[in-house]
Structure formats: structure tokens, C-alpha cells
Amino acid sequence: MAHNDGDDVHAHAHLHHQPQDLPQVLVIRPPLSFSNFQSQYSHKFQFLKAWESPLPLDQFLTTHANSVQAMLSTVSYPVTACVHCLLPSLRLIVTPSAGLNHIDLDECRSRGIRVANAGNLNSEDVADVAVGLLIDLLRKISAADRYVRQGLWASTGDYPLGSKLGGKRVGIVGLGSIGLEVAKRLEAFGCIILYNSRKEKPFVSYPFYSNVVELAANSDALVICCELNDQTRHMINKEVMLALGKKGVLINVGRGVILDEKVMVWCLVQGEIGGAGLDVFENEPDVPKELFALDNVVLSPHQASLTSESSKALCELLVANLEASFSNKPLISPVMND
Amino acid sequence: MESIDVLMLCPMISYLEQELQSRYNVLKLWTAQEKSQFIKDHSATIRAIVGDGGHGADAEMIEALPRLEILSSNSVGVDKIDLEKCREKGIRVTYTPDVLTDEVADLAIGLILAVLRRLCESDRYVRSGKWKKGDFKLTTKFTGKTVGIIGLGRIGMAIAKRAEAFNCPICYYSRTEKPDTKYKYYPSVLELASNCQILVVACSLTAETRHIVNREVMNALGPKGVLINIGRGPHVDEPELVSALVEGRLGGAGLDVYEHEPEVPEELFGLENVVLLPHVGTATVETRKAMADLVVGNLEAHFSNKPLLTPLV
């Protein structure tokens, strides 16, 4: 029977590394596509799956994860100080997201725990969705698609006119990896790019606004690409939205909590802002039902970073970080605390 | 000054109707009980026609209007106008190029993103409450995919420029290879479809380009390929498109145009891998106004013996 080298290596790995010999990785809640990830890498790691156990989490951790050195963390379960207390041997947290708001970085720093995230791997996908949501909103793509599928084009006539993208002033909130990709794409459509960021970026020619309200007042569309932290929580508030104005539109591919969601819903219902394209919400998967009645919103279930292509690359990145950590090598995509 | 009779073929935005009515005596064909009688009744005085992408003048109508001097089309597509007949009779034809190029190109990219990233399906997923029961699925990345464009005219070039900002390699098919572009040329649509992941129809509709996207082309594009049509419905063999999508031989489609608008094949309504738009390529307030200004501007130029702004014939 013919084998190839890959088969032999895999067979040997299976023979020589029983699950209990493999380095352990704690997973409290599964990330999307975890079963694929698990089956692909079960010969490299022993996954301790807390959600499958009947034990409450703290007991599970004390009983089974006491000596675990690595954790795969996802946004669905924040790694708080309490969790850290139950994991005295933890040295590494890897997360499949770029966002880090679910990890207590100060606690990690003080305990000497290294953190690795998705780096810039998802930036293109997120930027693509940000642009897609903006075009959808202005040109009424999802709304018009609904109209056609209901048979209304034939019975009722043409759909109401949309608004031109070219020439619009787009204010990007957060000019990091994602914000820069959004800017680059929208420039090709003839948009005028403006931005707000923690600090002005020295090698960027777009006009900088140190104040988000001023940015909103000078923009036709605001695209939120920044991370969630103490400064950005509810940063997009009533003042910002009123400055954006009745014809202004809001796109959020950052985190739901960056927007004051209650205020945004009120602004949309009252017509104080012109529309919104949202991939994230304050309390996912709950979405304010007032939005369902509106044709000038486009809703997306936090999928901006989730493509098959990125998912594959992300698995490889997570594994590379885990392996680097277990062999005391530098991490591939470490989070630098600045 | 005597009032000039202008035959308007179909309803258009009220701004255009008002601009025409303030200058000319507008005869609204769609209000007539019997259209050919209406034309007969006014044949001695009609000196201009205003049409659009879906309503033009065939040989019969042109022959019926001996005083016709100019046809000003509120569109860039002129497949509904018998251009040869106009040339023969010395009738001028104007259209609305350039002012709508960006608009249509924007929509093409919007359709690509909507199909690949399942934006309309996502929106339905949230609105129907399905998100509460489980995560949405993985979708297909757009950045870096190869985009093949049929027709590298103004609109085709504008689409290419935008797709390049998404790091997409660009290839194209055109009647003749364009010497001053860096994009890869394929001498047939079939070869183009075999070498790209997203195929965009951006050429004009002529006898040669009717059904330019046929069964063979769709099979070559394949189960992971996506077809985007912002040209004209007859560019694509529509029954073949429906079966290719239903059978999974074609991965997805974003359509703004159809063979028999406003009819859309109902089999498509049940598919999640298509996005269906009601011919909105130029449908923004800004662009429709710019187009209207050109329509009126061309008529004004003609009737004051000045050079036409955007003549085709």
C-alpha cells in the first residue's frame, strides 16, 4: 500500500504522542469553527474544553486545568482576574481576534503572561465589509434586494433613489490597520478621507481631527474602526451623532460598546442621523428591534472578520503562536502593551 | 418664439420633466391611449425625442416622425435606438456618458461585496432572529480575488481601478486589446471566465454581445465563481443562468439587469448566493440630476445651433 511522507508522520505522531503527553490548551468557550480546528490539531495539543464539562467553571479549572500553560480565549468569555487566580501556571493566552477588550492586559502583564492575537490578519476582511456596508447603505442594496424578492419591482415600480458615494467625506475613527485599509479602498471611489486617532499619524496625508465631534461635523459618513478600551467606550455619543447630522451615516466594524447604542437607535428613529451599517452591537446577539423596522440600516451578525480564507490562515497563526510558546521561542503575533 | 414639440417616451425624475416642460411642449407618450395613433397625431410637429436606457426609437418610430431632428437619451446604453436609421436620416443622437461612470462602477463593487460577503443574507439573518440561535457562517474573501471584466470602456476601467484598491489582479476581454493598459488581456470571454473568480459584464449591448455570457462561460466560471451584471439583461442567457445557479455550477451572481425587466426569474428569490437589484446602476439623486442636465443641455445646444455636448451620432 502506498503512503506519502505526510501520512507516515501523522501515523507516527498518533502512536508516539498520547493525548496526555501533548501540551494542554484550555478553551473555555469554543470559537467559531472550533471543531475543525480541534480535529486538525488534535495530534499537537490536548484541548481542555470547559464548556463540555458538567462542572461549574471554577471547579473545572481547579480540577482539570491547574497546570495548564496556554489558553485559547474568545470574545464570548472575558478572561478576568478571577479566572487568572485559578490558573497559576498560565503563561500564554492566544485569541483569534484582533480586539483585546476581553483580556485583562494589566493582569497579564503583572503575572508575566504573554498574549498573542490575530494581528493584522483580519484587517482586509473587516475593511471589505466596512466598505460593503457603506455602499449598501448609500445605494440601498439590501433594501432594494428585499424589494425585488417581494415582487414589488413589477407591481409597484422603481425603487427610491440612493446617494452617490464619490465625493463624500468619510471620517475614519481609528486609523490603525483596519482604518488604513478602509481609507485606501474608499480613496479609489473618490471619497475624501479624514480621521481621528489617539495620536496624529506622521506619514499619513489625510486631515487629522483630534476631536471626534469635529470629525463628525466635517464628515458625511463616520466609519468606526478603533479598538474598544476605556477611552473609546461610548465615544460615539449623542453629541457626535448630532454633529454627523440628518444626512450623515454611521458604519461600525469596531465593537458595539464604542457607540452609545440607545442613543443611536433614538437618532435613527427620529431621523437625526441618515442611516447606519452595523456589524457589532452592545449585547450580541441581541439587536434593538426598533432597527428591524428601518430600511436605512444594514445589519450584520459580527461576521466582518470571518471568511474561509482568514479562518484557515488564523488557525495556522494560532498554532504557530502556541508552538512558539511551548518551545520557548518568540511569539509570531505578540500583543505589545503600549 | 414657437414652442418646440418634444416627445417623451417614458416617465423620468420630476426634475427632468419640469426642466423640459419649462422649455418645450412636452408630449408624454405613456399617457396615450394608443401609442401609434398618438405619434401619428403629432408627427407633423415632433422635432425631438427624449428616451432612456429602456425606451428608444426603432426604425418604425423614426420613419413616422418626418420632422425629427434629435434624440436625446437619458442613458449611456443606446441598444434600444436604431442608430443606423438615425445616421441615414441625419438625426442627431445624444447620450449621457461620464456623469454616470462612477455610479455604475460603485454599484458593481457593491454587488461583488454583497454576494461574496453575503451582506443581504446577513441582514436577513439578523432581522429574522436567527442570530440568537447561532453564529452566521464563514463567507468568501474579496480582497485579492482575480476580477475579469468584459468590456474595458469607461465603466470597465472605473471598476478595475476600484478593484485594484482591494489588491485584485485584473484581467479583461474586449473587442480589441487595449495597448495602454497593464491588465491581462484574454482574446475570448471563455478564456477570461476560466481565469478569473469574479466576472463582470461592463460592455455595451450589440448584436455581437447578446448572450455573451452563455452556458459554457458560466461553467468555466464555475461553482466558486461569481457573475456580476451591470450591463444589460440580454448580455446573459437568463434561463441558463438560473439553472447554473440552481444546480450549483455557478457559485453566485449579483444582478442589476434582466432580460425582461421588471420581471425577475422567481427561482432566484429562494437563493442566498444571489443579490437582485431593480436596475439601479445610475439611481442616485446626484447622478440622475447630472444626467438630466445633459439631456436638457444637449437639446438646448441643438435648438440654438450650438455644438452638442455629448453626441453619439
Of residues in region B:188-219 being in contact with an Asp or Glu (Cβ under 8 Å, 6 or more places away or on another chain) and of a type outside the set (V, I, T), the one most open to solvent (accessible area, probe 1.4 Å)
B:R215
Quick one: B:V147 ticks every box in (1) surrounded by 23 or more Cβ atoms within 10 Å (Cβ to Cβ); (2) of a type in the set (V, I, T); (3) farther than 30 Å from A:L32 by Cα bar one, so which box is it?
(3)
Any chance you could count how many residues in region B:263-286 are facing another protein chain (nearest Cβ under 9 Å), over 28 Å from B:G222 (Cβ atoms) and in contact with a Ser or Thr (Cβ under 9 Å, 6 or more places away or on another chain)?
3
Look at region B:273-313 and say how many of its residues are of a type in the set (S, T, N, Q), on the phi < 0 side of the Ramachandran plot and open to solvent by 50 Å² or more (accessible area, probe 1.4 Å).
1
Search region A:163-178 for residues that are more than 10 Å from chain B (Cβ to nearest Cβ) and pair each with any residue that is of a type in the set (K, R) and open to solvent by 20 Å² or more (accessible area, probe 1.4 Å) when their beta-carbon atoms are under 8 Å apart and the residues are at least 6 apart or on different chains.
A:L175/A:K201
Among the residues of region B:272-285, is there at least one that is assigned to a helix (DSSP H, G or I), at pLDDT 95 or above and in contact with a Leu (Cβ under 8 Å, 6 or more places away or on another chain)?
yes
Looking at (1) open to solvent by 10 Å² or more (accessible area, probe 1.4 Å); (2) within 16 Å of B:L192 (Cα to Cα); (3) in contact with a helix residue (DSSP H, G or I) (Cβ under 9 Å, 6 or more places away or on another chain); (4) among the β-branched types (V, I, T), which one does B:T176 not meet, given that it meets all the others?
(3)
Test result for B:L309, away from chain A (no Cβ under 11 Å), under 23 Å from B:N74 (Cα atoms), of a type outside the set (S, T, Y) and under 20 Å from the mean Cα position of the chain (by Cα):
no
List pairs: first residue in region B:1-19 and modelled with pLDDT of 95 or more, second residue among the hydroxyl-bearing types (S, T, Y) anywhere in the structure, Cβ distance under 7 angstrom, at least six positions apart or on different chains.
B:I4/B:Y24; B:D5/B:T45; B:V6/B:Y24
For residues that are aliphatic (A, V, I, L, M) and farther than 16 Å from B:G54 by Cα, scanning just region B:82-99, find the one that is farthest from the other protein chains (Cβ to nearest Cβ).
B:I91
Return the pairs, sorted by first residue and then second, in which the second residue is assigned to a helix (DSSP H, G or I) and open to solvent by 30 Å² or more (accessible area, probe 1.4 Å), the first residue lies in region B:277-303 and is of a type in the set (S, T, Y), the beta carbons are less than 7 Å apart, and the residues are 6+ apart or on different chains.
B:T282/B:R288
Members of region A:101-117 found to be in contact with a Leu (Cβ under 6 Å, 6 or more places away or on another chain) and surrounded by fewer than 22 Cβ atoms within 10 Å (Cβ to Cβ), listed by number:
A:N101, A:I113, A:R114
Checking the condition of a type outside the set (F, W, Y), touching a Leu at 6+ places or on another chain (Cβ under 6 Å) and buried (at least 16 other Cβ atoms within 10 Å of the Cβ), which residue from B:G77, B:G51 passes?
B:G51
Only one residue in A:I236, A:I193, A:I224 is under 20 Å from A:L134 (Cα atoms), modelled with pLDDT of 95 or more and either open to solvent by 70 Å² or more (accessible area, probe 1.4 Å) or over 20 Å from the mean Cα position of the chain (by Cα) (or both). Which one?
A:I193
Give just the number: which of (1) more than 8 Å from chain B (Cβ to nearest Cβ); (2) open to solvent by less than 20 Å² (accessible area, probe 1.4 Å); (3) of a type in the set (G, A, S) does A:A98 not satisfy?
(2)
Looking only at region A:20-35, filter to residues that are out of contact with any helix residue (DSSP H, G or I) (no Cβ under 8 Å at 6 or more places or on another chain) and at pLDDT below 90; which one of those is least open to solvent (accessible area, probe 1.4 Å)?
A:F34
Being under 22 Å from the mean Cα position of the chain (by Cα) and part of a strand (DSSP E or B) is the filter here; which residues of region B:108-151 pass it?
B:V147, B:G148, B:I149, B:I150
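For every residue, the table says whether it meets (1) more than 16 Å from B:I230 (Cβ to Cβ); (2) touching a residue at least 24 places away in the same chain (Cβ under 8 Å); (3) more than 9 Å from every other protein chain (Cβ to nearest Cβ).
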{"position": "B:E103", "(1), (2), (3)": "no, yes, no"}
{"position": "B:L116", "(1), (2), (3)": "no, yes, no"}
{"position": "B:K130", "(1), (2), (3)": "yes, no, no"}
{"position": "B:T140", "(1), (2), (3)": "yes, yes, no"}
{"position": "B:G144", "(1), (2), (3)": "yes, yes, no"}
{"position": "B:G148", "(1), (2), (3)": "no, yes, yes"}
{"position": "B:G153", "(1), (2), (3)": "no, yes, yes"}
{"position": "B:G156", "(1), (2), (3)": "no, yes, yes"}
Could you identify the single residue in A:A183, A:A154, A:A144 that is of a type in the set (A, V, I, L, M, F, W, C), open to solvent by 40 Å² or more (accessible area, probe 1.4 Å) and either in a helix (DSSP H, G or I) or more than 10 Å from chain B (Cβ to nearest Cβ) (or both)?
A:A154
Per-region count, region A:279-317, residues crowded, with 21+ Cβ neighbours inside 10 Å, under 19 Å from A:E261 (Cβ atoms) and polar (S, T, N, Q):
2
Would you mention how many residues in region B:6-32 are in contact with a Phe, Trp or Tyr (Cβ under 7 Å, 6 or more places away or on another chain), under 17 Å from B:I70 (Cα atoms) and not hydrophobic (A, V, I, L, M, F, W, C)?
0
The lone condition B:E267 fails out of (1) on the phi < 0 side of the Ramachandran plot; (2) open to solvent by 30 Å² or more (accessible area, probe 1.4 Å); (3) assigned to a loop (DSSP other than H, G, I, E, B); (4) assigned by TED's automatic domain parsing to the domain that holds B:L138 is (3)
If A:D136 meets every condition in (1) out of contact with any Gly (no Cβ under 7 Å at 6 or more places or on another chain); (2) buried (at least 19 other Cβ atoms within 10 Å of the Cβ) apart from one, which number is that one?
(1)
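The values are calculated or read from the model by the stated rules, or taken from the named source; none is laboratory data. The structure displayed is predicted, hence computed values, not measured ones. Cβ: placed from backbone, ideal geometry, glycine included. Neighbour counts: every protein chain shown. SASA here: full protein model, heavy atoms, side chains in, ligands and nucleic acids out. Shrake-Rupley method; radii C 1.70, N 1.55, O 1.52, S 1.80 Å.
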